[in-house]
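*Asks:* If you scroll down you'll find the structure; I have some questions about it.
Throughout, read-outs are computed from the coordinates displayed, never taken from laboratory work. Keep in mind that this is a model prediction, so the values were computed, not measured. Quick reminder, even Gly has a Cβ in these numbers, built from the backbone with ideal geometry, and neighbours come from all protein chains shown.
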Amino acid sequence: MAIITLTSDFGYKDPSTAMVKGTILCELPNANIVDISHDISPFHIMEAAYVIKNAYKSFPKGSIHIISVDTEQTYNKKQIALFMDGHYFICANNGVLSLVASEINPDKIVEINIQENKNPSFPTLDTFVKVACHIARGGSLDVIGKNVISLEKLKAHKPIIYEQEQKIIAHIIYIDNYGNLVTNVSKKLFNQIGKGQTFIIDARSNKFTKIVASYSEVIKFDTENSNLNESGKKIALFNTASYLELAIYKSNPKTVGGAASLFGLGLSDTVTIKFN
């Protein structure tokens, strides 16, 4: 049986996640359901885009990914199912797949036309689950609806580039569990614009002139252990997703704070990169 993953902004207090899982299991008792995340900030499409882009590739080909963030259908926001990079995605055509589709073209996109409207304010429960179970049984996307030519794109997923000034205006697109700040600048873009020059990354009152390869690289391990109290050291690095990340070594948002709180930056805030 195919894997069905769930990504949403439901949280864990409300019964929504359990309702979706239960409905899937009623249709497919042997379904293999995996939670990617239910802690997406409410209606934050860019955050969901980052999470799904980095998570889906770890699953086997043929997996089915339900993305339930800002899913209610309107006249200008349709619900879609698509096949891309060997995986199926079910979501609203609201830009949530912008990061994936910026690198890989979808093989097929269809607009879902099997809505039952039992719960019009909760399309995941009826429509998305029904589509996922149809695909899991080996069903074709052609049965679900008509072909769609393209995906909606998020403007925020691309940084602003000033090539003549050799400057990039980045945006914070994700804040992880440690309070680290992920920008929308990829390593590829950074190297393309920077061409090996020196740089200054300006994050409010914090400046970075070096990018390290790992979090622990900022620590001088040849120093006596009694002097290794380096937690709180600020770091710039390219994370496992190859995006520029601003972090605090061994941060804890619940105690000493993380980069987000200590730098005074939140989602969608800007970071400037200037090359010299």
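*Asks:* Shape of the range 3-143 from its Cα gyration tensor (a ≥ b ≥ c, root eigenvalues): rounded if a/c is under 1.5, otherwise prolate when a/b > b/c, or oblate?
*Replies:* Rounded shape, in that the Cα axes give a/c under 1.5.
*Asks:* With an 8 Å cut-off on Cα pairs and a minimum separation of 6 or more residues, tell me the relative contact order of the chain in percent.
*Replies:* 15 percent
*Asks:* Show the residues, 5+ positions off or on another chain, whose built amide H is closer than 5 Å to the amide H of residue 70.
*Replies:* For residue 70, the qualifying residues are 43.
*Asks:* While we're looking at this one, here's another question. Please arrange 244, 28 by counting, for each residue, the other beta carbons lying within 10 Å of its beta carbon, fewest first.
*Replies:* In increasing order of surrounding Cβ atoms, one gets 28, 244.
*Asks:* Applying 1/(1 + (r/R0)^6) with R0 = 22 Å to the Cβ-Cβ distance of residue 191 and residue 162, what FRET efficiency is obtained, to the nearest 0.05?
*Replies:* Computed FRET efficiency for residue 191 and residue 162: 0.85.
*Asks:* For residue 154, what residues show an amide H to amide H distance below 5 Å, using hydrogens built from the backbone and excluding near sequence neighbours?
*Replies:* Counting only residues 5 or more places away or on other chains, the set is 98.
*Asks:* Taking amide hydrogens as modeled 1.01 Å from N in the peptide plane, which residues meet the under 5 Å criterion relative to residue 84, leaving out close sequence neighbours?
*Replies:* When sequence neighbours closer than 5 places are left aside, the close amide H contacts are 89, 107.
*Asks:* Using the crude model of +1 on Lys and Arg Cβ and -1 on Asp and Glu Cβ, and no other charge, please compute the dipole size for the chain relative to its Cα centre, in debye to 20.
*Replies:* That gives the chain a dipole magnitude of about 480 debye.
*Asks:* So what J values fall out for the range 177-188 if you push phi through Karplus, 6.51 cos²θ - 1.76 cosθ + 1.60 with θ = phi - 60°, rounded to Hz, Gly and Pro as x?
*Replies:* 5, 8, x, 6, 9, 9, 9, 8, 9, 7, 4, 4
*Asks:* If I model a spin label at residue 204 and residue 149 as a point 7 Å from the Cα along the Cα→Cβ vector, what separation in nanometres do I get?
*Replies:* So the two model labels end up 4.4 nm from each other.
*Asks:* Let me ask something else about it. Given labels modelled 7 Å from the Cα in the Cβ direction, how far is it in nm from residue 270 to residue 121?
*Replies:* The modelled label-to-label distance comes out at 3.8 nm.
*Asks:* Next question, about the same structure. For a quick check, take a GNM of the chain with Cα springs below 10 Å and name the residue from 149, 161, 201 with the largest mean-square fluctuation.
*Replies:* The residue with the greatest mean-square fluctuation here is 149.
*Asks:* Hey, with R₀ at 45 Å, roughly what FRET efficiency would residue 240 and residue 114 work out to, going by the Cβ-Cβ distance, to 0.05?
*Replies:* E between residue 240 and residue 114, to the nearest 0.05, is 0.75.
*Asks:* Moving on to the next point. Could you give P(r) for the range 158-275, binned at 10 Å from zero, as whole percent values over all Cα-Cα pairs?
*Replies:* In order of increasing distance, the bins hold 14, 46, 30, 9, 1 percent.
*Asks:* Show that you can apply the helix-only estimate: for the chain, add -39,500 (n - 2.57) for every DSSP H stretch of four or more residues, divide by all residues, and state [θ] at 222 nm to the nearest 500.
*Replies:* So the calculated ellipticity at 222 nm is -4500 deg cm²/dmol.
*Asks:* How much length would be gained if the chain were fully extended between residue 254 and residue 61, taking 0.36 nm per residue of separation minus their Cα-Cα distance, in nm to one decimal?
*Replies:* 65.7 nm
*Asks:* How do 26, 91, 133 line up, fewest other C-beta atoms within 10 Å first?
*Replies:* Lowest count first: 26, 133, 91.
*Asks:* Could you tell me what a quarter of the Cα convex hull surface of the range 7-57 works out to, in nm² with one decimal place?
*Replies:* Mean shadow area of the hull around the Cα atoms is 3.9 nm².
*Asks:* Sticking with this structure for a sec: Report, in cubic angstrom per residue, the convex hull volume of the C-alpha atoms of the chain.
*Replies:* 158 Å³
*Asks:* Using θ = phi - 60° and the Karplus relation 6.51 cos²θ - 1.76 cosθ + 1.60, list the HN-Hα couplings for the range 52-69 in order, rounded to whole Hz, with x at every Gly or Pro.
*Replies:* 5, 4, 8, 8, 4, 5, 7, 9, x, 4, x, 5, 10, 10, 8, 10, 10, 9
*Asks:* Still on this structure, please answer the following. Excluding residues on the same chain fewer than 8 positions from residue 130, give the aspartates and glutamates whose Cα lies under 19 Å from its Cα.
*Replies:* Within the straight-line limit of under 19 Å, residue 130 reaches these aspartates and glutamates: 27, 35, 70, 72, 111, 116, 142.
*Asks:* Here's a follow-up. Return the FRET efficiency for the residue pair residue 105, residue 27: r is the Cβ-Cβ distance, R0 is 25 Å, and the value is rounded to the nearest 0.05.
*Replies:* Here the calculated transfer efficiency is 0.20.
*Asks:* For a quick check of your reading of the filter: which chymotrypsin sites (Phe, Trp or Tyr not before Pro) in the range 61-165 sit in a DSSP loop and have no more than 11 other Cβ atoms within 10 Å?
*Replies:* Passing both the DSSP loop test and the Cβ count: 75.
*Asks:* Further question on the same structure: Got a sec? How would 110, 131 order by Cβ neighbour count within 10 Å, fewest to most?
*Replies:* Ordered by Cβ neighbours within 10 Å, fewest first: 110, 131.
*Asks:* Just to check I understand the Karplus step: with θ = phi - 60° and J = 6.51 cos²θ - 1.76 cosθ + 1.60, what whole-Hz values come out for the range 36-51, glycine and proline as x?
*Replies:* With coefficients 6.51, -1.76 and 1.60, one gets 8, 6, 10, 10, 4, 4, x, 6, 8, 5, 5, 5, 5, 4, 5, 5 Hz.
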